[in-house]
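Asker: Supplied in structure tokens, the structure appears directly below.
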């Protein structure tokens, strides 16, 4: 009888211990949480670059991980303390395989950003790509004008083979572009689509100065570098299987926003301005551009 009683007591103690352990497990504080991102407009970057998410916690960046797929939504596991304390979410473009100190902070090419309100951050590209101190605060407010002309040679028979983003309606000539000032890590680039292939007119950051390749363009003529505005003469060499000079009438002109360093030789997804050059366009005459196919990227981040 005494032996049976001892066994009963031992069983009761064991049962109580297990129950307490279960209660402790059920009441344990989680160390991680979920972060779900859902973005529109992003494009695949190619083999050399990845997207990386960042939480801004007490002013410092904390990575949420990298990704290459642009199928959304996507969910990531993040430390719970950082997740709850984060005030802002930022998405950047990073070199693939980045290590060392460079891997601890976002690159200059930040493409989306937004502050948390409760558990949601509504993010967009204007928040981080556009300089908030400029006169134009959104890529959707961009406007553009251009002329057809080839000022870098002395041949007046090929004027339709050059494009310059300027307005010569009155004297003096002024810039033909109204674009937001971009933050570090981004540049504008002009394009002409020739037989389905985009051919660059050059990259630039200022609308009232020559673009970056003004002196080194492989397509310009031998009479100077052209006016001090973005643009290009296609009077020598070839591109897209077309020998220059050519006729840009009937072609599409685009202004894109490009990461710097650039992830591709093709236009990036942000294209605030575009225009189909009319077949009856007159040389030296101002032509007005229209809105491009995509001026802003957006999305949501939920914790």
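Asker: Read through the list (1) outside any strand (DSSP E or B); (2) within 23 Å of residue 244 (Cβ to Cβ); (3) touching a strand residue (DSSP E or B) at 6+ places or on another chain (Cβ under 7 Å), then give the number of the only condition that residue 157 fails.
Answerer: Answer for residue 157: the failing condition is (3).
Asker: Quick one: which residue in 212, 184 is in a loop (DSSP other than H, G, I, E, B), surrounded by fewer than 19 Cβ atoms within 10 Å (Cβ to Cβ), assigned by TED's automatic domain parsing to the domain that holds residue 249 and under 15 Å from the mean Cα position of the chain (by Cα)? Full working, then the answer.
Answerer: Numbers: 212 fails: under 15 Å from the mean Cα position of the chain (by Cα).
Result: 184 is the single residue among 212, 184 that is in a loop (DSSP other than H, G, I, E, B), surrounded by fewer than 19 Cβ atoms within 10 Å (Cβ to Cβ), assigned by TED's automatic domain parsing to the domain that holds residue 249 and under 15 Å from the mean Cα position of the chain (by Cα).
Asker: Output the qualifying pairs, or none if there are none: Cβ atoms under 6 angstrom, residues six or more apart or on different chains, first residue in the range 68-95 and assigned to a helix (DSSP H, G or I), second residue surrounded by 14 or more Cβ atoms within 10 Å (Cβ to Cβ).
Answerer: Within 6 Å, the pairs are 80/33; 82/55; 82/57; 82/62; 83/33; 83/303; 85/57.
Asker: What number goes with the only condition from (1) closer than 26 Å to residue 293 by Cα; (2) part of a loop (DSSP other than H, G, I, E, B); (3) at pLDDT 95 or above that residue 106 does not pass?
Answerer: Of (1) closer than 26 Å to residue 293 by Cα; (2) part of a loop (DSSP other than H, G, I, E, B); (3) at pLDDT 95 or above, only one is false for residue 106: (1).
Asker: Turning to a different aspect of this structure: Please pick out the residue among 228, 262, 211 that is over 14 Å from residue 198 (Cα atoms) and touching a strand residue (DSSP E or B) at 6+ places or on another chain (Cβ under 6 Å).
Answerer: Details: 228 fails: touching a strand residue (DSSP E or B) at 6+ places or on another chain (Cβ under 6 Å); 262 fails: touching a strand residue (DSSP E or B) at 6+ places or on another chain (Cβ under 6 Å).
Matching residue, one of 228, 262, 211: 211.
Asker: Out of curiosity, is residue 58 more than 14 Å from the chain's Cα centre (by Cα), exposed (fewer than 13 other Cβ atoms within 10 Å of the Cβ) and touching a residue at least 24 places away in the same chain (Cβ under 8 Å)?
Answerer: On the way: more than 14 Å from the chain's Cα centre (by Cα): yes; exposed (fewer than 13 other Cβ atoms within 10 Å of the Cβ): yes; touching a residue at least 24 places away in the same chain (Cβ under 8 Å): yes.
Answer is yes for this residue.
Asker: Further, regarding this structure: Quick one: would you say residue 157 is assigned by TED's automatic domain parsing to the domain that holds residue 265, free of Cβ contacts under 8 Å to residues at least 24 places away in the same chain, surrounded by fewer than 21 Cβ atoms within 10 Å (Cβ to Cβ) and within 20 Å of residue 250 (Cα to Cα)? Lay out the reasoning, then the answer.
Answerer: On the way: assigned by TED's automatic domain parsing to the domain that holds residue 265: yes; free of Cβ contacts under 8 Å to residues at least 24 places away in the same chain: yes; surrounded by fewer than 21 Cβ atoms within 10 Å (Cβ to Cβ): yes; within 20 Å of residue 250 (Cα to Cα): yes.
Judged against the criteria, residue 157 is a match.
Asker: When you go through 31, 64 one by one, which is the residue that is exposed (fewer than 10 other Cβ atoms within 10 Å of the Cβ) and at pLDDT 95 or above?
Answerer: 31
Asker: In addition: Counting only residues that are surrounded by 14 or more Cβ atoms within 10 Å (Cβ to Cβ) and either assigned to a loop (DSSP other than H, G, I, E, B) or modelled with pLDDT under 95 (or both), how many does the range 224-252 have?
Answerer: Summing the residues that are surrounded by 14 or more Cβ atoms within 10 Å (Cβ to Cβ) and either assigned to a loop (DSSP other than H, G, I, E, B) or modelled with pLDDT under 95 (or both) in the range 224-252 gives 16.
Asker: How many of the residues making up the range 109-127 are part of a loop (DSSP other than H, G, I, E, B) and surrounded by 14 or more Cβ atoms within 10 Å (Cβ to Cβ)? Reasoning before the result, please.
Answerer: Residues of the range 109-127 part of a loop (DSSP other than H, G, I, E, B): 109, 118-119, 125.
Restricting the remaining residues to those that are surrounded by 14 or more Cβ atoms within 10 Å (Cβ to Cβ) gives 109, 125.
The number of residues fulfilling the criteria is 2.
Asker: Here is a follow-up. Considering only the range 286-302, how many residues are over 17 Å from the mean Cα position of the chain (by Cα) and farther than 30 Å from residue 147 by Cα?
Answerer: Matching residues across the range 286-302 total 2.
Asker: Could you figure out which of (1) touching a residue at least 12 places away in the same chain (Cβ under 8 Å); (2) closer than 30 Å to residue 127 by Cα isn't true of residue 149?
Answerer: Unmet for residue 149, out of (1) touching a residue at least 12 places away in the same chain (Cβ under 8 Å); (2) closer than 30 Å to residue 127 by Cα: (2).
The values are calculated or read from the model by the stated rules, or taken from the named source; none is laboratory data. In this text the structure is predicted, and so the values were computed from the model without any measurement. We place every Cβ from the backbone using ideal geometry, glycine too, and count neighbours over all the protein chains shown.
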